[in-house]
Structures are given as C-alpha cells and as structure tokens.
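The values are calculated or read from the model by the stated rules, or taken from the named source; none is laboratory data. Please read all numbers here as calculations on a predicted model, not as lab measurements.
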Amino acid sequence: MSISKNQDVKLKLGNLVLAILFSVVPTSMTIGFLGTHGYILCKNLDSRLENIDKASVYELCNKTNLEANFDYVIWIWLFTTIPTWRWFYIGHYRRVARSIKNTAEN
C-alpha cells in the first residue's frame, strides 16, 4: 500500500520548507567565501597597479565583487535547496510508506 496523494503533497511541501531553511547556511557560507576571495583578488590587483589611481580601482573592484556575489545568491541557494529537498523527501517518503505498510500488515 502506498501513501495517499494528500500525504505526498504534505511531504513535498514540508520537506521543501525544511530544505529552504537548511540551505541558508551553506548558501551564506558560499557567498562569504566568494566575497573573501574577491576581496583578496582586489587587494592583489591594488598592490600590482602603480601608475593608476589606486583608490578608484580598489573601490570599483570591491563594489563589482559584491554585486557579482549578490547576483549569484539565488542560483547558489537553488543549487543547494533542490538536492536537499529531494534527499529529505525521499527519506520521509520511505519512512511514511514503511509505516503505512507495517500498519496495514498488523
């Protein structure tokens, strides 16, 4: 005996909410690492430029780094959320189906 469509929808939605919440941390970590990497690149670029107005290049580089990181937030979050949701859903689906099977046998 398999689970009902209503239970399946509840599992999908519930696990999607869990995945959305749990993917915030790895997404934040990835954006933090990318931001730090960009900051290091800007600092190295700034130290290599000698005859150009360093302040404007350094500020522009940091601004561009932040904008690029924020442009990727949604994609990184989705890349983390979708597999997490699927993993939660499969685990909970199996648990619920096993529980229903055991209940039906008894």
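Quick one: in the range 36-87, which of the residues that are within 30 Å of VAL17 (Cα to Cα) and of a type in the set (S, T, N, Q) is modelled with the lowest pLDDT? I'd like the intermediate steps shown before the answer.
Going residue by residue through the range 36-87, those that are within 30 Å of VAL17 (Cα to Cα) are 36, 66-87.
Now narrow it down to the ones that are of a type in the set (S, T, N, Q): 36, 69, 80-81, 84.
Working: THR36: 90, ASN69: 85, THR80: 90, THR81: 90, THR84: 89.
Checking each candidate, the answer is ASN69.
Okay, residues lined up against (1) under 28 Å from the mean Cα position of the chain (by Cα); (2) β-branched (Val, Ile, Thr):
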residue: LYS10; (1), (2): yes, no
residue: LEU18; (1), (2): yes, no
residue: PHE33; (1), (2): yes, no
residue: CYS42; (1), (2): yes, no
residue: ASN65; (1), (2): yes, no
residue: THR81; (1), (2): yes, yes
residue: ILE100; (1), (2): no, yes
Residue count, the range 62-106 (criterion: closer than 26 Å to THR30 by Cα and of a type in the set (D, E, K, R)): 4
